[in-house]
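Here is the structure we will look at, set down as structure tokens.
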């Protein structure tokens, strides 16, 4: 009896310890996503104001330029390109089709695994996703118009006013008369730089993601240290922080946590061999989940020759790693619509290849 109680308490302790560790890891992951998107939004807004709106006009003037840029960013390994595309979209710089195409081109963190396990096929897949991203971005924008689907209005970002002499990006006197709110934000960004540098947030090893994030945070620190007070109040605090930051963090945290808790009790691999068609359907459905982890099982199964290329391609078209998480924080309606388009495209293209035996 006492032995049973001891074992039960020991197992409960291990379970609680695992839950705490999972929550801590999820907090780190959500913080990484939120701080990257926050910094990217500041950088995009800063460039637009500094260019006096020219970047806005440059992107809006040519849809195919948008498609090329978003698909190029989406094709880069990891989720940073997808986060950047979402930042463009929330600032009204690209169309719904462009950000949808960028998500189609995105492979998330699985891209690193694919490059390590089957580099030639992975590069071919990325090139195919890049082309599909451009083509399907155009198709999506056409369908939106044809079907008269309304997407959410982009955020009303404070615009550059040529007549406003205060609307500038650099003020050398701010450090001399630094305010409390600016000091607090600068300290927080500096703390994040340190946490990223030592591997507490973001990648635990030195790679291009950590270097990119450190460069972006350093630029954010410079921007926050040099912009005038009205810019801090109207652009950064009034728009980016209040409207986006907390929602991005909360969506990311709960989505990642629920996915990990759900997948712990679902063994999918043993189901594959005798139910390949249903594996194709399950891969498509799992690709809807805004997480990188669940899709890795299909990468591994393809590397071992268990599933065909069509299943991997379908999963890659529909899934977008963590790229959709900040999008959900901006507009649930747009996010679900985007996922629906990607699901239809993935099933149509991947299904055709599957029926052809690829």
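The values are calculated or read from the model by the stated rules, or taken from the named source; none is laboratory data. Worth saying up front: this structure is predicted, and the values here are computed from it rather than measured. Because the Cβ atoms are built from the backbone with ideal geometry, glycine has one as well, and the counts that use them run over all protein chains shown.
Quick check on residue 121: is it surrounded by 16 or more Cβ atoms within 10 Å (Cβ to Cβ) and modelled with pLDDT of 75 or more?
no
Would you check if residue 80 is out of contact with any strand residue (DSSP E or B) (no Cβ under 9 Å at 6 or more places or on another chain), under 21 Å from residue 248 (Cβ atoms) and modelled with pLDDT of 80 or more? Walk me through how you get there before you give the answer.
On the way: out of contact with any strand residue (DSSP E or B) (no Cβ under 9 Å at 6 or more places or on another chain): yes; under 21 Å from residue 248 (Cβ atoms): yes; modelled with pLDDT of 80 or more: no.
Judged against the criteria, residue 80 is not a match.
Condition check ((1) part of a helix (DSSP H, G or I); (2) at pLDDT 65 or above; (3) surrounded by 13 or more Cβ atoms within 10 Å (Cβ to Cβ); (4) out of contact with any helix residue (DSSP H, G or I) (no Cβ under 7 Å at 6 or more places or on another chain)) across all residues:
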{"position": "230", "(1), (2), (3), (4)": "yes, yes, yes, yes"}
{"position": "250", "(1), (2), (3), (4)": "yes, yes, yes, yes"}
{"position": "262", "(1), (2), (3), (4)": "yes, no, no, yes"}
{"position": "267", "(1), (2), (3), (4)": "no, no, no, yes"}
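Name the helices (runs of 4 or more DSSP H) wholly within segment 60-153 that hold at least 3 residues that are touching a helix residue (DSSP H, G or I) at 6+ places or on another chain (Cβ under 8 Å) and over 18 Å from residue 322 (Cα atoms)?
Numbers: elements: 63-75, 80-90, 96-105, 110-117, 119-146.
Where helices (runs of 4 or more DSSP H) fall fully within segment 60-153 and carry at least 3 residues being touching a helix residue (DSSP H, G or I) at 6+ places or on another chain (Cβ under 8 Å) and over 18 Å from residue 322 (Cα atoms), they are 63-75, 119-146.
Of the residues in segment 284-322, how many are under 20 Å from residue 101 (Cβ atoms) and either part of a helix (DSSP H, G or I) or touching a strand residue (DSSP E or B) at 6+ places or on another chain (Cβ under 7 Å) (or both)?
Number of matching residues: 14.
Answer with yes or no whether residue 69 is crowded, with 20+ Cβ neighbours inside 10 Å and at pLDDT 70 or above.
yes
Select from segment 198-224 the residues that are more than 21 Å from the chain's Cα centre (by Cα) and surrounded by 15 or more Cβ atoms within 10 Å (Cβ to Cβ) and list them in ascending order.
Correct list: 221, 223, 224.
Could you say whether any residue in segment 22-29 is closer than 30 Å to residue 96 by Cβ, in contact with a helix residue (DSSP H, G or I) (Cβ under 8 Å, 6 or more places away or on another chain) and at pLDDT 70 or above?
yes
Restricting to segment 234-247, what's the tally of residues that are loosely packed, with under 15 Cβ neighbours inside 10 Å and either modelled with pLDDT of 75 or more or within 20 Å of residue 202 (Cβ to Cβ) (or both)?
1
Look through 255, 287 and report the one residue that is closer than 27 Å to residue 338 by Cβ, at pLDDT 70 or above, surrounded by 19 or more Cβ atoms within 10 Å (Cβ to Cβ) and in contact with a helix residue (DSSP H, G or I) (Cβ under 7 Å, 6 or more places away or on another chain).
287
Tally time: how many residues in segment 325-346 are touching a residue at least 40 places away in the same chain (Cβ under 8 Å) and touching a helix residue (DSSP H, G or I) at 6+ places or on another chain (Cβ under 6 Å)?
Quick first cut of segment 325-346, residues touching a residue at least 40 places away in the same chain (Cβ under 8 Å) only: 325-331, 333-334, 337-339, 341-343, 345-346.
If we keep only those that are touching a helix residue (DSSP H, G or I) at 6+ places or on another chain (Cβ under 6 Å) too, we end up with 325-330, 338, 341-343, 345-346.
Going through segment 325-346 one residue at a time, the tally reaches 12.
Here are some conditions: (1) closer than 30 Å to residue 303 by Cα; (2) modelled with pLDDT of 85 or more. Residue 209 meets all but one. Which one does it not meet?
(2)
Would you confirm whether or not segment 100-114 contains a residue that is over 19 Å from residue 346 (Cβ atoms), surrounded by 24 or more Cβ atoms within 10 Å (Cβ to Cβ) and without any contact (Cβ under 8 Å) to a residue 40 or more places away in the chain?
Looking for residues that are over 19 Å from residue 346 (Cβ atoms), surrounded by 24 or more Cβ atoms within 10 Å (Cβ to Cβ) and without any contact (Cβ under 8 Å) to a residue 40 or more places away in the chain, one finds none in segment 100-114, hence no.
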